[in-house]
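Trainee: A single structure is presented below for examination.
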Amino acid sequence: MAMVSEFLGQLCLNIGANEPTYPTVVPALDINPDTDAARIETAIKTKGVDEQTIIDILTKRTYSQRRDIAFAYERRAKKDMISALKGALSGSLETVILGLMKSTSQYDASLIRGSIKGAGTDEETLIEVLCSRSNEELVEIKKVYKELFKKDLEKDVAGDTSGNFAKLLLALVETKRAAPCAVVDYEKIDQDARALYEAGVKIRGTDVPTWISIMSERSVSHLQKVFQRYKSYSPYDMQESIVKEVKGDLQKSFLVLVECFENKQLYFAKRLNEAMKSKGAKEKIVTRIIVSRCEVDLQKICCEYKTNFGESLQKTILEHTKGDYQKVLLGLCGPEQ
């Protein structure tokens, strides 16, 4: 029997071992993949397509469960479920549903590939994915990227970016970040804080390689303490220093890194708020974040959203989106906590 899809060939979940997870999409209990497959087949064949049933099932199953449904569908219908969904759905709903048929690491790898292939580079997507993923996630993304596209992620990133921006992204892709350590090394924290200051605000120009080395190789917990200590040397905090010292995509990348080191879920909450409340909701960003984080930390992103913006993410989705796209996003976010 033919494979359901290149994306369903391997079950790979890339949750970082050192980071707790706060998913909104969790394994559904007491479900039968054959029953789900039959319901999806009926929904696709229904005149006009029963989108609600497709949304109800696929947003309430994890990737591994969706994968089982896809295999059951192929056994039953003698055709590929992803192709059937592509033919039945369209627009933003199709984009979300097809995204859900990939594992988190497959989806991230596809985002990166989409941002660098063809004419021009989608730096925004490239920066968001590479600068916000944990070391464990990046290790998995590299492996999956090679499996899916038969190319090395490092070579593709190097071929599509340049200068210090390329050097920073490649340093992240090398995944040399230290694991968190139970012992706090205050001397090392002080050394790194002073080095960041002396490589930037203290001198004329910026010693970018020093910044790249520290921010790509130290553990997140260590860097959080470094940024606190940094304030005792510099009149500016780390984010203010970045804005003063570097420009363009390099600046954007360093800022995303620092925001994610300090509070990754708040970073995503801010991105969602900006995307939905900007003129003409930027669906691409909203889709990317909600699909990629629903099995990772979307529950915590929702909490940060409500704390910082005074209303729930679900309420903002209701106000700024419509139709089946709205329904599928709400399905993935789950009920308000």
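The values are calculated or read from the model by the stated rules, or taken from the named source; none is laboratory data. Keep in mind that what you see is a predicted model, and the values were worked out from it rather than measured. In this analysis, Cβ positions are derived from the backbone assuming ideal geometry, glycine residues included, and neighbour counts consider all displayed protein chains. Please note that ligands, DNA and RNA were not included when accessible areas were found on the heavy atoms of the full protein model with its side chains. Shrake-Rupley method; radii C 1.70, N 1.55, O 1.52, S 1.80 Å.
Trainee: Do you know which residues across the range 83-134 are aliphatic (A, V, I, L, M), assigned to a loop (DSSP other than H, G, I, E, B) and modelled with pLDDT under 95? Can you show your working first?
Mentor: Residues of the range 83-134 that are aliphatic (A, V, I, L, M), as a first pass: 84-85, 88-89, 93, 96-98, 100-101, 109, 111-112, 116, 119, 126-127, 129-130.
Restricting the remaining residues to those that are assigned to a loop (DSSP other than H, G, I, E, B) gives 89, 101, 119.
Of everything in the range 83-134, just one residue is aliphatic (A, V, I, L, M), assigned to a loop (DSSP other than H, G, I, E, B) and modelled with pLDDT under 95, namely Ala119.
Trainee: Name every residue in the range 162-213 that is of a type outside the set (Phe, Trp, Tyr), under 22 Å from Thr125 (Cα atoms) and in a helix (DSSP H, G or I), in order of residue number.
Mentor: Gly163, Asn164, Ala166, Lys167, Leu168, Leu169, Leu170, Ala171, Leu172, Val173, Ile212
Trainee: Taking Arg204 as the residue in question, decide whether it is modelled with pLDDT of 95 or more, over 23 Å from Leu130 (Cα atoms) and open to solvent by 40 Å² or more (accessible area, probe 1.4 Å).
Mentor: Working: modelled with pLDDT of 95 or more: no; over 23 Å from Leu130 (Cα atoms): yes; open to solvent by 40 Å² or more (accessible area, probe 1.4 Å): yes.
No; evaluated as a whole, the condition is false for this residue.
Trainee: Let me ask you something else. Residues Glu187, Glu154, Glu140, Glu128: which one is out of contact with any Cys (no Cβ under 8 Å at 6 or more places or on another chain) and under 27 Å from Leu298 (Cα atoms)? Working first, answer last.
Mentor: On the way: Glu187 fails: under 27 Å from Leu298 (Cα atoms); Glu154 fails: under 27 Å from Leu298 (Cα atoms); Glu140 fails: out of contact with any Cys (no Cβ under 8 Å at 6 or more places or on another chain).
After ruling out the rest, the residue left standing is Glu128.
Trainee: Anything in the range 157-174 that is touching a Lys or Arg at 6+ places or on another chain (Cβ under 9 Å) and open to solvent by 30 Å² or more (accessible area, probe 1.4 Å)? List them, or say none.
Mentor: Once the filter is applied, which keeps residues that are touching a Lys or Arg at 6+ places or on another chain (Cβ under 9 Å) and open to solvent by 30 Å² or more (accessible area, probe 1.4 Å), the range 157-174 yields only Asp160.
Trainee: Would the range 292-307 turn up any residue that is out of contact with any His (no Cβ under 6 Å at 6 or more places or on another chain), at positive phi and either open to solvent by 20 Å² or more (accessible area, probe 1.4 Å) or not in a helix (DSSP H, G or I) (or both)?
Mentor: Initial filter on the range 292-307 (out of contact with any His (no Cβ under 6 Å at 6 or more places or on another chain)): 292-307.
Applying the additional criterion that residues be at positive phi yields none.
No: the range 292-307 contains no residue that is out of contact with any His (no Cβ under 6 Å at 6 or more places or on another chain), at positive phi and either open to solvent by 20 Å² or more (accessible area, probe 1.4 Å) or not in a helix (DSSP H, G or I) (or both).
Trainee: Any idea how many residues of the range 308-335 are in a loop (DSSP other than H, G, I, E, B) and open to solvent by 40 Å² or more (accessible area, probe 1.4 Å)?
Mentor: Initial filter on the range 308-335 (in a loop (DSSP other than H, G, I, E, B)): 310-312, 321-322, 334-335.
Then drop every residue that is not open to solvent by 40 Å² or more (accessible area, probe 1.4 Å), which leaves 310, 322, 335.
Of the residues in the range 308-335, 3 are in a loop (DSSP other than H, G, I, E, B) and open to solvent by 40 Å² or more (accessible area, probe 1.4 Å).
Trainee: Okay, moving on. For Leu29, which of the numbered conditions (1) within 17 Å of Gly323 (Cα to Cα); (2) open to solvent by 20 Å² or more (accessible area, probe 1.4 Å); (3) of a type outside the set (Asp, Glu) fails to hold?
Mentor: (1)
Trainee: Mind listing whichever residues of the range 176-201 are under 16 Å from Phe261 (Cα atoms) and surrounded by fewer than 18 Cβ atoms within 10 Å (Cβ to Cβ)? Spell out the reasoning first.
Mentor: Going residue by residue through the range 176-201, those that are under 16 Å from Phe261 (Cα atoms) are 176-181, 189, 192-193, 196.
Answer for the range 176-201, where residues must be under 16 Å from Phe261 (Cα atoms) and surrounded by fewer than 18 Cβ atoms within 10 Å (Cβ to Cβ): Lys176, Ala178, Ala179, Pro180, Cys181.
Trainee: Looking at (1) over 20 Å from the mean Cα position of the chain (by Cα); (2) in contact (Cβ under 8 Å) with a residue 40 or more places away in the chain, find the lone condition where Arg204 falls short.
Mentor: Exception for Arg204: condition (2).
Trainee: Looking at Glu137 and the list (1) farther than 15 Å from Ser115 by Cα; (2) part of a loop (DSSP other than H, G, I, E, B), which single condition is not satisfied?
Mentor: (2)
Trainee: Turning to a different aspect of this structure: So for the range 40-62 (the condition being more than 19 Å from Glu94 (Cβ to Cβ) and either within 27 Å of the chain's Cα centre (by Cα) or buried (at least 16 other Cβ atoms within 10 Å of the Cβ) (or both)), does at least one residue qualify? Walk me through how you get there before you give the answer.
Mentor: Applying the first criterion (more than 19 Å from Glu94 (Cβ to Cβ)) to the range 40-62 yields 62.
Those left that are additionally either within 27 Å of the chain's Cα centre (by Cα) or buried (at least 16 other Cβ atoms within 10 Å of the Cβ) (or both): 62.
Among the residues of the range 40-62, at least one is more than 19 Å from Glu94 (Cβ to Cβ) and either within 27 Å of the chain's Cα centre (by Cα) or buried (at least 16 other Cβ atoms within 10 Å of the Cβ) (or both), which makes the answer yes.
Trainee: If you don't mind, there's one more thing I want to ask. For a quick check of your reading of the model, give me the residue pairs whose first member lies in the range 12-26 and is open to solvent by 40 Å² or more (accessible area, probe 1.4 Å), whose second is at pLDDT below 50 and assigned to a loop (DSSP other than H, G, I, E, B), with beta-carbon atoms closer than 8 Å and at least 6 apart or on different chains.
Mentor: So the pair list comes out as Thr21/Ile15.
Trainee: Related question: Provide a single number: the residues in the range 223-265 that are assigned to a loop (DSSP other than H, G, I, E, B) and open to solvent by 40 Å² or more (accessible area, probe 1.4 Å). Before you say what the answer is, go through the steps one by one.
Mentor: Here is the first cut: in the range 223-265, the residues assigned to a loop (DSSP other than H, G, I, E, B) are 231-237, 246-247.
From what is left, the residues that are open to solvent by 40 Å² or more (accessible area, probe 1.4 Å) are 231-233, 235-237, 247.
Counting residues in the range 223-265 that are assigned to a loop (DSSP other than H, G, I, E, B) and open to solvent by 40 Å² or more (accessible area, probe 1.4 Å) gives 7.
Trainee: Moving to a separate point now. So which residues in the range 266-291 are part of a helix (DSSP H, G or I) and either open to solvent by 20 Å² or more (accessible area, probe 1.4 Å) or of a type in the set (S, T, N, Q) (or both)? Spell out how you get there, then give the answer.
Mentor: Step one: list which residues in the range 266-291 are part of a helix (DSSP H, G or I), which gives 266-277, 283-291.
Those that are part of a helix (DSSP H, G or I) and either open to solvent by 20 Å² or more (accessible area, probe 1.4 Å) or of a type in the set (S, T, N, Q) (or both): Leu266, Lys270, Arg271, Asn273, Glu274, Lys277, Glu283, Lys284, Thr287.
Trainee: Is it the case, given these coordinates, that Phe7 is part of a helix (DSSP H, G or I), at pLDDT below 95 and open to solvent by less than 70 Å² (accessible area, probe 1.4 Å)? Working first, answer last.
Mentor: On the way: part of a helix (DSSP H, G or I): yes; at pLDDT below 95: yes; open to solvent by less than 70 Å² (accessible area, probe 1.4 Å): yes.
For Phe7, the condition - part of a helix (DSSP H, G or I), at pLDDT below 95 and open to solvent by less than 70 Å² (accessible area, probe 1.4 Å) - is met.
Trainee: Where the second residue is at pLDDT below 95 and among the polar types (S, T, N, Q) and the first is within 15 Å of Ser132 (Cβ to Cβ) and lies in the range 284-303, which pairs have Cβ atoms under 6 Å and are six or more apart or on separate chains?
Mentor: Cβ pairs passing all conditions: Val296/Thr21.
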